[in-house]
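A.B. asks: This is the structure I want to talk about, given as structure tokens.
The values are calculated or read from the model by the stated rules, or taken from the named source; none is laboratory data. Note that the coordinates shown come from a computational prediction; the quantities given were computed from them, not determined experimentally. Glycine gets a Cβ as well: all are built from the backbone with ideal geometry, and neighbour counts include every protein chain shown. For accessibility, only protein heavy atoms count, side chains too; no ligands or nucleic acids. Shrake-Rupley method; radii C 1.70, N 1.55, O 1.52, S 1.80 Å.
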Amino acid sequence: MAKFRRRTCIILALFILFIFSLMMGLKMLRPNTATFGAPFGLDLLPELHQRTIHLGKSFDFRKSDRINSETNTKNLKSVEITMKPSKAPELNLEELPPLNNYLHVFYYSWYGNPQFDGKYIHWNHPVLEHWDPRIAKNYPQGRHNPPDDIGSSFYPELGSYSSRDPSVIETHMRQMRSASIGVLALSWYPPDVNDENGEPTDNLVPTILDKAHKYNLKVTFHIEPYSNRDDQNMYQNVKYIIDKYGNHPAFYRYKTKTGNALPMFYVYDSYITKPEKWANLLTTSGSRSIRNSPYDGLFIALLVEEKHKYDILQSGFDGIYTYFATNGFTYGSSHQNWASLKLFCDKYNLIFIPSVGPGYIDTSIRPWNTQNTRNRINGKYYEIALSAALQTHPSLISITSFNEWHEGTQIEKAVPKRTSNTVYLDYRPHKPGLYLELTRKWSEKYSKERTTYILDHQLPVS
């Protein structure tokens, strides 16, 4: 009888563990059938709340310390271990599949270290306080302390690198090239301007363009919400970019239905500026119109809420992108809304650019933001997003991101690392290049499928 009771208890415990694991997996994936009225975290966005923030899901340490081989455990007593990267073989460009210039990836050049910058930049990101003091008091404060303690839940194969290191830039271009990504969307601030945790980076653009050209990549610009951004200084900054970089062979231009090849500008947090201001710049009748001038281009607005569709129309933008990697975080980032957004764009002759990501976790810098974490599920989350994007027959697809390490959206190579108090997440049981390989696979699939609906949608061939 005692043996029977023991066996029954074991079976019951295993059943409970299975149910718990299943529920956790479903929570992390967040199915498309979930409701998206006013999702948790929307108040993180500027104007919608007083704090400026990207999007993301974070890992709940209290519920699980290991999900699908992804670990991020604090206060472990263990020796420091870092897996050293093996030397990558030389790329033979002729043996690689063609680049897909309709696949863009968001790229950040804001990292620094003492060797190249005299100090760590961004790797030592502060832990951001919650705006509610009652919640903030429950979480740690301070800054990260590189090189072993960085503001990320993953650890780069290249270590706490500097974006000024030419060998790092080249390695990044090689990785993008191997993944069949054709265009990198470079996070950009005007000269002598930077984000609150970084340094000016415009002087890196010439090197990035040169290295991109070496691998036949193109560079477009992702204009960040610098202080006091408006129609007047946007005109001057677009003029600056085109005058200074427009003749470089790596400078990206998109061929429109009318046959014009125009520069493209992603405008992050575009909704902060009133539509009337944007209309001054982006409509032909605007008081500061850039249309039909040497500085005309394709301006892509960030769509967060459904109502932004009509603000974007009034503003005169040429298209929309969704940026955020967390399915369900915003109306725009929810996969289930992409089909209707594509129909809206087709109706009003806008370019639809869904943004896909491999996952999201930003608890290293926002420990209170666990609600928005999206587990990678060994690549499944990424492939679900890519499949959802392809089903809409989009003009372009953007990837969030190549190397936004703070928010855990990177597809750049990451390696296992353990220190005395942290075990970083990694891509095991797969190799560090898993997400580059998946990107290459889906880039080829997208390229093939795109050719089948070019005529139906009258999309540009090249």
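A.B. asks: Enumerate the calculated ³J(HN,Hα) couplings along the stretch 207-224 in order (Karplus 6.51 cos²θ - 1.76 cosθ + 1.60, θ = phi - 60°), each rounded to whole Hz, writing x wherever the residue is Gly or Pro.
C.D. replies: Running phi through 6.51 cos²θ - 1.76 cosθ + 1.60 with θ = phi - 60° gives 5, 4, 4, 4, 5, 4, 4, 4, 10, 6, 8, 10, 10, 10, 10, 10, 7, 7 Hz.
A.B. asks: For the modelled label position 7 Å from the Cα of LYS448 along Cα-to-Cβ, which residues of the stretch 94-130 have backbone nitrogen atoms closer than 19 Å?
C.D. replies: It comes to 95-103, nothing else.
A.B. asks: Would you please put 195-208, 175-188, 125-138, 290-303 in order of how densely packed they are, using the mean number of other Cβ atoms within 10 angstrom per residue and starting with the highest?
C.D. replies: The packing order, highest mean first, is 175-188, 290-303, 195-208, 125-138.
A.B. asks: Please work out, to two decimal places, the log10 of the ratio I(q)/I(0) at q = 0.33 Å⁻¹ from a Debye calculation in which every Cα of the stretch 318-359 carries one identical scatterer.
C.D. replies: The Debye formula, applied to the Cα set alone, gives -1.14.
A.B. asks: Could you give log10 I(q)/I(0) at q = 0.21, 0.24 Å⁻¹ for the stretch 102-157, computed by the Debye formula over C-alpha point scatterers of equal weight, without solvent?
C.D. replies: At q = 0.21, 0.24 Å⁻¹ the computed log10 ratios are -0.87, -0.98.
A.B. asks: Considering only protein heavy atoms and a probe of 1.4 Å, how much of the accessible area of the stretch 89-169 is carbon and sulfur, as a whole percent?
C.D. replies: 49 percent
A.B. asks: Which log10 I(q)/I(0) values does the stretch 125-198 give at q = 0.22, 0.23 Å⁻¹ under the Debye formula, counting every alpha carbon as one identical point scatterer?
C.D. replies: Debye intensities relative to I(0), on a log10 scale: -1.16, -1.19.
A.B. asks: Oh, and also: Check ASP362: other-chain or 5+ apart residues with amide H under 5 Å from its amide H, H built from backbone geometry?
C.D. replies: LYS57, SER58, PHE59
A.B. asks: Normalise the Cα radius of gyration of the stretch 160-228 by 2.2 N^0.38 Å (N = residues in it) and let me know the number.
C.D. replies: 1.14
A.B. asks: Another question about this same structure. In the stretch 198-249, carbon and sulfur make up what percent of the accessible area (probe 1.4 Å)?
C.D. replies: 43 percent
A.B. asks: Quick one: what do you get for the stretch 290-406 if you divide its Cα Rg by 2.2 N^0.38 Å?
C.D. replies: That ratio works out to 1.13.
A.B. asks: Tell me the Kirkwood radius of the stretch 220-263: reciprocal of the mean inverse pair distance over distinct alpha-carbon atoms, in Å.
C.D. replies: 11.8 Å
A.B. asks: Given a cut-off of 22 Å, what percent of all Cα-Cα pairs of the stretch 200-304 lie beyond it?
C.D. replies: 32 percent
A.B. asks: May I ask for the Kirkwood hydrodynamic radius of the stretch 265-317, worked out over all distinct Cα pairs and given in angstroms to one decimal?
C.D. replies: 11.1 Å
A.B. asks: Output the pairs from LYS413/LYS441; LYS257/LYS448; LYS119/LYS211; LYS239/LYS445 with a Cα-Cα distance over 26 Å in this structure; if there are none, say none. Spell out each step's value before the answer.
C.D. replies: On the way: LYS413/LYS441 16 Å; LYS257/LYS448 20 Å; LYS119/LYS211 24 Å; LYS239/LYS445 36 Å.
Over 26 Å Cα-Cα: LYS239/LYS445.
A.B. asks: Rounded to a whole number of µm²/s, how large is the Stokes-Einstein D of the stretch 337-462 at 20 °C and 1.002 mPa s, given Rh as the Kirkwood radius over C-alpha pairs?
C.D. replies: Stokes-Einstein gives a translational diffusion coefficient of 133 µm²/s.
A.B. asks: Please report, as a whole percent, how much of the solvent-accessible surface of the stretch 331-410 comes from carbon and sulfur atoms (probe radius 1.4 Å).
C.D. replies: The computed percentage sits at 50.
A.B. asks: Can you give the Rg and Dmax of the stretch 128-167 based on its C-alpha atoms, in angstrom?
C.D. replies: Using the Cα atoms of the stretch 128-167, the pair Rg, Dmax is 14.6, 45 Å.
A.B. asks: Just check the stretch 131-285 against the gyration tensor rule for me: Cα atoms, a ≥ b ≥ c as the square roots of the eigenvalues, rounded for a/c under 1.5, and otherwise prolate or oblate depending on whether a/b exceeds b/c.
C.D. replies: Cα axes put the stretch 131-285 in the oblate bin.
A.B. asks: Now for a separate question. Sort 109-119, 432-442 by the packing proxy (mean of other Cβ within 10 Å over each peptide's residues), most packed first.
C.D. replies: For the peptides 109-119, 432-442, the packing ranking is 432-442, 109-119.
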